[in-house]
Amino acid sequence: MPKDEFDFEDPLELNGMAFLSQEDTTNDMAECFAEEFMRLGYDHRRVMALFANPHYLGPHLAFQQRGEAFIRDLITNVFARWGRRTDWPDPTPVAKPPGTGPADQPPAPATESGVSHVDEERVLTDPTGAPIPIFKI
């Protein structure tokens, strides 16, 4: 049989199934995603980044329908079930005294390429938290 044709009788052929249901399974689906990526070695911040990324359709659907606070609590519960801690940043903004914010700091000195030394050392990450390589031309 040619490789491009689908054979319904082949037991090794990958088949996807959709089941219509009256109940909302978004919470269960989101919990499965959180646990799956946690077991793959992702930390809680990277799992949250997956939910916030629109390229991950299933997790992002749950993120849109339930909101960030619900997903954050769900990730915390999943990680706690496996004995892992989650330290989320405080969501309430703290008023900083004048002169301590990034806008008040002097700019870093530029190198001959025009890029500051601080920018060269900063590690950029993709939405999943993996480092992005910096190519110097």
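Per-structure values
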item: Cβ-Cβ under 9 Å pairs, at least 6 apart or on other chains, region 11-24 side on the phi < 0 side of the Ramachandran plot, far side outside any loop (DSSP other than H, G, I, E, B) and surrounded by 10 or more Cβ atoms within 10 Å (Cβ to Cβ); result: 24/65
item: Residues (out of contact with any Ser or Thr (no Cβ under 8 Å at 6 or more places or on another chain), of a type outside the set (A, V, I, L, M) and surrounded by 13 or more Cβ atoms within 10 Å (Cβ to Cβ)) located in region 30-50; result: 31, 32, 33, 35, 36, 37, 43, 45
item: Residue match in region 7-27 (condition: farther than 21 Å from residue 89 by Cα, in a helix (DSSP H, G or I) and of a type in the set (A, V, I, L, M)); result: no
item: Residue check, residue 5 among the acidic types (Asp, Glu), exposed (fewer than 10 other Cβ atoms within 10 Å of the Cβ) and over 25 Å from residue 67 (Cβ atoms); result: yes
item: Matching entry among 77, 27, 15, 53 (being surrounded by 11 or more Cβ atoms within 10 Å (Cβ to Cβ) and either farther than 26 Å from residue 130 by Cβ or in contact with a Cys (Cβ under 6 Å, 6 or more places away or on another chain) (or both)); result: 27
item: Test result for residue 91, modelled with pLDDT under 90, within 27 Å of residue 130 (Cβ to Cβ) and over 16 Å from the mean Cα position of the chain (by Cα); result: yes
item: Which numbered condition residue 40 misses (of (1) among the hydrophobic types (A, V, I, L, M, F, W, C); (2) farther than 19 Å from residue 26 by Cβ; (3) in contact with a Lys or Arg (Cβ under 8 Å, 6 or more places away or on another chain)); result: (3)
item: Residue 69 vs. criteria farther than 19 Å from residue 26 by Cβ and assigned to a helix (DSSP H, G or I); result: no
item: Residues of region 1-16 that turn out to be aliphatic (A, V, I, L, M) and modelled with pLDDT under 75, as a count; result: 2
item: Region 21-66: number of residues that are small (Gly, Ala, Ser) and out of contact with any Pro (no Cβ under 9 Å at 6 or more places or on another chain); result: 4
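The values are calculated or read from the model by the stated rules, or taken from the named source; none is laboratory data. For clarity, every value in this text was computed on a predicted model and none was experimentally measured. Cβ sites come from the backbone with ideal geometry, for glycine too, and all protein chains shown count toward neighbours.
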